[in-house]
Amino acid sequence: MLRTRGAKYLWFLKYLKLFRLIAKTPERADFLESYYTLMRYLDDIVDEDAPLPQGYADTESCLLDKIRFAGNPVDPSDESDAMMIHCFQLGNTFGESFTDETEDILGSLLFDARRMEKFRFFRSEELMAHYHQLDIRGTVKATIKLFRENPDDFLLLEPLGMASRFFYDIRDVYDDLSKGLVNISLEDAGAFGITASNINESGNPGIQRWCRAQALRGLQLLDLHRQQIRKGSFRLSTRLTFLFVYERPARGFFNKTLRRTANLEPFTIPDVNTGNYVLKTNQPKRI
């Protein structure tokens, strides 16, 4: 991962080493390292950053097979299956099952695989349901289980999970579009004049307006996260992880995006808290 996509993964791989120091139980540290590597590998297959394993006709058939295997992890057919068994066994050592979260994450990757090379716009409601499955019900719930927090509190972290997703969507927008993957909602495409015919035009102002809108929404979500997290009983180490691994990088990136797009004309976006349209100026919000 460092050799092929170091710039993308370096910060999180460094965090894995830090988690090993603070986790106190090596089984939990081993699980996070193994599980993250497994899911990143499968995600790279979807993104075509890693080759399709032998024996599969396409990415969709590969993911369907992995989803079936997650529900009945016996007789592994390749190294990723063996790694999944290893992760589940590590989870058993500290009394946690990650089957449901794994099926949610893989199901979301399957949705991405089916969208590749299609340049298809989906309604905001459908994209948000996809993000909820991947980032909240899958990743966030697995994370708080690993951190020995109350799994019932995972919905309190939905604003942070969604903000992180917006961060990735802005960061990877051109890379995703080069592969035919569109994470711009149908509603936003209409609002910003983005169409299938102009979406890959160099310097498309609609894409820049969308990036700015997502950054503004992301900052709203991070502000909401600061309110929501107070309702939970999360440990200090967990709160610091959320702050330094997720919130601060996303907040810094959103503000950088606002500075980069500060010359755009003002426009309106829906407020993430109320759904009502609110006017946003073209000046970046200082956080």
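No value in this document is a laboratory result; all are computed from the given coordinates. Computed from a predicted model, the values in this text were never measured in an experiment. Every residue, glycine as well, gets a Cβ built from its backbone with ideal geometry; the counts of neighbours run over all protein chains shown.
Loop-located GluC sites (Glu not before Pro) in region 108-184 (DSSP state other than H, G, I, E, B) with a sparse environment of at most 13 neighbouring Cβ atoms within 10 Å: E117.
Which order do M84, M116 fall in if you start with the one that has the fewest other Cβ atoms within 10 Å?
M116, M84
Seen through its C-alpha gyration tensor, with square-root eigenvalues sorted a ≥ b ≥ c, region 1-156 comes out rounded because a/c lies under 1.5. Could you estimate the translational diffusion coefficient of region 60-102 from the Stokes-Einstein equation, with Rh from the Kirkwood formula over C-alpha pairs, at 20 °C and 1.002 mPa s, in whole µm²/s? Stokes-Einstein gives a translational diffusion coefficient of 202 µm²/s.
Counting neighbouring beta carbons within 10 Å and listing from fewest to most, the residues E101, E33 come out as E33, E101. Charge tally for D75 (other residues, Cβ to Cβ under 15 Å; Lys, Arg +1; Asp, Glu -1): -2. Put simply, when 191-198, 11-18 are sorted by average Cβ atoms within 10 angstrom per residue, most first, you get 191-198, 11-18. For region 136-206, the alpha carbon convex hull comes to 108 Å³ per residue, rounded to a whole number. The aspartates and glutamates within cross-link reach of K141, meaning a Cα-to-Cα straight distance under 14 Å and a gap of 8 or more places when in the same chain, are E96, D100, E101, E103, D104, E149, D152, D153, E158.
Using 31 Å as the Cα-Cα cut-off, could you pick out the over-long pairs in K179/K256; K179/K231; K66/K145; K14/K66; K145/K256; K14/K231? From the list (K179/K256; K179/K231; K66/K145; K14/K66; K145/K256; K14/K231), the Cα-Cα distance tops 31 Å for K179/K231; K145/K256.
Would you tally the net charge around L243, using a Cβ to Cβ cut-off of less than 12 Å, leaving L243 out, and scoring K and R as +1, D and E as -1? All intermediate terms of the calculation are to be shown ahead of the outcome.
Numbers: positive: R226, R239, R248, R251; negative: E247.
Net of charged neighbours comes to +3.
Restriction of the trypsin sites (Lys or Arg not before Pro) in region 157-265 to DSSP coil positions whose beta-carbon has at most 14 other beta-carbons within 10 angstrom yields R235. What the Kirkwood sum gives for region 91-212 is a hydrodynamic radius of 15.6 Å, with every pair of different alpha carbons counted. In the chain, the longest principal axis of the Cα atoms and the axis of helix 158-171 are about 70 degrees apart.
For the chain, the relative contact order works out to 14 percent when only alpha carbon pairs closer than 8 Å and six or more residues apart are counted.
Hey, what does the equivalent ellipsoid look like for the chain, semi-axes from the Cα gyration tensor as sqrt of 5 times each eigenvalue, largest first, whole Å?
Working: eigenvalues 202, 119, 52 Å².
The equivalent ellipsoid of the chain has semi-axes of 32, 24, 16 Å.
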